[in-house]
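The structure appears below as C-alpha cells.
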Amino acid sequence: MILVVMSAGRNKQPEKTATGDLTMEVALYPYVPDIERFQTVVSYAWAKEHPDVKLNFVDWDCYASDPDPTIDVFVFDGIYLSSFVDGGHLLPISEEMIQNKEDIFPFALEGCKYDDTLYAMPQLLCTDFLYTRKEDTELSDVTDITELYDILGDRKDQSVIPKENEGLLVNLSDGLMTKTLLYLDAVIDERQEYTDYSEFPETSDLSTNALAQINALGKMGGEKQVEYRTEDNDIYVRARWFAEGKGRAYIGYAEAMAIMGDYADDVTIRRFSYGTEKDIPLFYTDMVGISPKISEDKKELAIELANILISENVLIEMNAPAKEGDFPQYMLTSRKSVYDALGKDYPIYNILKENVDSTDNHVFRLGKNARQFLQDMEKTLSEQMVSDLGA
C-alpha cells in the first residue's frame with residue numbers, strides 16, 4: 001500500500017496567493033530511517049499550500065548544538081525543551097494553533113509545555129521495546145530487566161555476533177550519553193514516580209540499584225556485542241541478527257521491525273521496567289519548534305509549516321512502504337489516526353497504538369542546562385561503569 005499525501009492534514013483551504021520571494025529555513029530531525037524521503041513528503045505537502053514559498057532544508061543536530069536563530073522551523077529531541085526555552089530559542093504558541101489537536105495523544109502534547117505554556121508541537125515518538133520470540137514461552141511474561149537477567153544471566157560467549165537463541169542484543173555503542181539516559185529512565189522506574197528532571201540528581205551520589213540495572217544489560221549482551229558499531233553506523237544490525245535467530249532477546253525501537261520484515265510477525269514486543277516494580281513508560285519525543293527570531297512576514301507561514309510537519313497525511317506517508325513489496329517504517333507518531341489508518345493493512349500498528357495510547361505514558365524530559373548535566377553524568381559514568389560497559 002502506497003499512500004499519497006493529498007493535503008496538509010486539514011480541510012482544503014482556498015488557493016493561497018503568492019507571498020513574495022520568501023524561503024523558509026527548515027531543519028528536520030536527522031535520525032530517521034529515510035531523511036530524504038521525509039524531505040520529499042514535506043516539500044510536496046507544502047507546495048500544494050504555498051507553491052511560491054521555498055523550503056530550504058538545513059543540517060542541524062540538536063544533540064550537538066542549540067538551534068541557530070536563522071532556522072525558522074526545526075525539529076528537536078524533547079529532552080532539550082526546557083533548555084531551549086530557558087535559552088530563548090523557542091517561540092511560545094497556543095494550543096488553538098494546532099490543527100486537529102484532538103488527534104494527538106494527550107501526554108505528547110502535555111510534554112511540549114514548560115510552566116503551562118506550549119512551546120512546540122509533538123511529531124514522532126520513540127521508546128525502547130523488549131523483543132522476544134513468540135515460541136519462547138519462558139520469556140513471554142518478562143516485564144523487567146531483573147526478571148530478564150534471572151533467566152539469561154551473564155553471557156559466556158564474548159563474540160560480537162551471539163549464537164542462536166543466546167544472550168541479549170542491545171546497542172550501547174552510542175557513547176555515554178545513551179547510558180546516561182538509560183540510567184535516568186531506571187531511576188524513574190526505581191522511584192516509581194515520573195519526573196521531568198527539572199531538578200537533576202546529584203552526579204556524585206548515583207543510585208546503585210539503577211546502575212546495576214544498566215550494568216545488567218552489558219552482562220547479558222557481552223561487552224563486545226553491546227559496544228559493536230558497524231563502519232557505516234548501521235543502528236539496525238542487531239534487528240537483522242535477531243531476525244536470523246541470533247540472540248534470545250533484543251531491545252530496540254519500533255522501527256527495527258521494518259528491518260525484520262515478515263519475521264516481525266513472529267516476535268512479541270512490550271515496554272519494560274528497569275526496576276523491579278511496574279514500568280513508568282517514557283517516550284522520546286521529536287518536537288517541532290519555531291524560532292522566536294523569525295521575521296513577522298514568516299510567522300504565520302511557520303505555524304502552517306509546523307502543522308504540516310505533524311499532519312496525519314505526512315506522518316502516514318512517512319510510515320507507509322516506499323514501494324510495493326516493501327515493509328512500513330513502524331515509526332511511532334504523536335497522532336492516533338496514523339495507527340488507525342496503517343493498522344488496517346499492517347496489524348502491528350494496532351499493537352503499537354496499544355502501547356502508545358496510555359495515560360501512564362510520559363515524555364522523556366530533562367531540565368535546564370541539560371547539556372552540562374549530561375557532560376557531568378558522562379564523566380561520572382565513565383568512572384563507575386567502564387569495567388562493565390566500556391567507555
task = Using a 10 angstrom cutoff on alpha carbons, build the Gaussian network for the chain and name the most mobile of Tyr339, Tyr131, Tyr197.
result = Tyr197
ask   = Which loop-located GluC sites (Glu not before Pro) does the stretch 309-391 contain, where loop means any DSSP state but H, G, I, E or B and the Cβ has at most 13 other Cβ atoms within 10 Å?
value = Glu324
message = I want to make sure I understand the PRE zone here: with the label point 7 angstrom from the Cα of Asp265 toward its beta carbon, which residues in the stretch 342-369 have backbone N atoms less than 18 Å away?
response = 342-352
ask   = What are the lysines whose alpha-carbon lies under 18 Å from the alpha-carbon of Lys323, with same-chain residues fewer than 8 places away excluded?
value = Lys344
Sorted by Cβ density within 10 Å, fewest first, the residues Thr132, Thr359 = Thr359, Thr132
note = For Gly222, the net charge from surrounding residues (Cβ-Cβ under 10 Å; K, R +1; D, E -1) works out to -1
ask   = How big is the gap, in Å, between the Cα center of the stretch 282-341 and the Cα center of the stretch 191-255?
value = 27
Given charges at Cβ of Lys, Arg, Asp, Glu: the stretch 48-200 dipole, positive-most of Val75, Ile145, Tyr114 = Val75
request  = List the relative contact order of the chain as a percent without decimals, with contacts defined as Cα pairs under 8 Å and 6+ residues apart.
outcome  = 30
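In terms of the Cα gyration tensor, with a ≥ b ≥ c the square roots of its eigenvalues, is the stretch 261-375 rounded because a/c is under 1.5, prolate because a/b exceeds b/c, or oblate? Intermediate results must be reported in sequence, preceding the final value.
Working: a/c = 2.38, a/b = 1.19, b/c = 2.01.
Taking the square roots of the gyration eigenvalues as a ≥ b ≥ c, the stretch 261-375 is oblate.
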Environment charge at Asn350 (Cβ cut-off 12 Å; Lys +1, Arg +1, Asp -1, Glu -1) = -1
query = What is the fewest-to-most order of Ser83, Ser65, Ser358 by other Cβ atoms lying within 10 Å of their Cβ?
reply = Ser65, Ser358, Ser83
request  = Note down the nm distance, to one decimal, between modelled labels 7 Å out along Cα→Cβ at Arg240 and at Ser295.
outcome  = 4.7
inquiry  = Given a 10 angstrom Cα cut-off, can you work out which residue in Met318, Met287, Met24 is the most mobile in a GNM of the chain?
reply    = Met24
task = Return one quarter of the surface area of the convex hull spanned by the alpha-carbon atoms of the stretch 194-237, equal to its mean projected area, in nm².
result = 5.3
ask   = Calculated FRET efficiency, Asn56 and Lys134, Cβ-Cβ r, R0 45 Å, to nearest 0.05?
value = 0.45
request  = May I ask what percent, to the nearest 5, of DSSP beta bridges between residues of the chain are antiparallel?
outcome  = 65
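Read-outs: derived from the displayed coordinates by stated rules, not from any lab. Not measured: the values here are computed from a predicted model. Cβ: placed from backbone, ideal geometry, glycine included. Neighbour counts: every protein chain shown.
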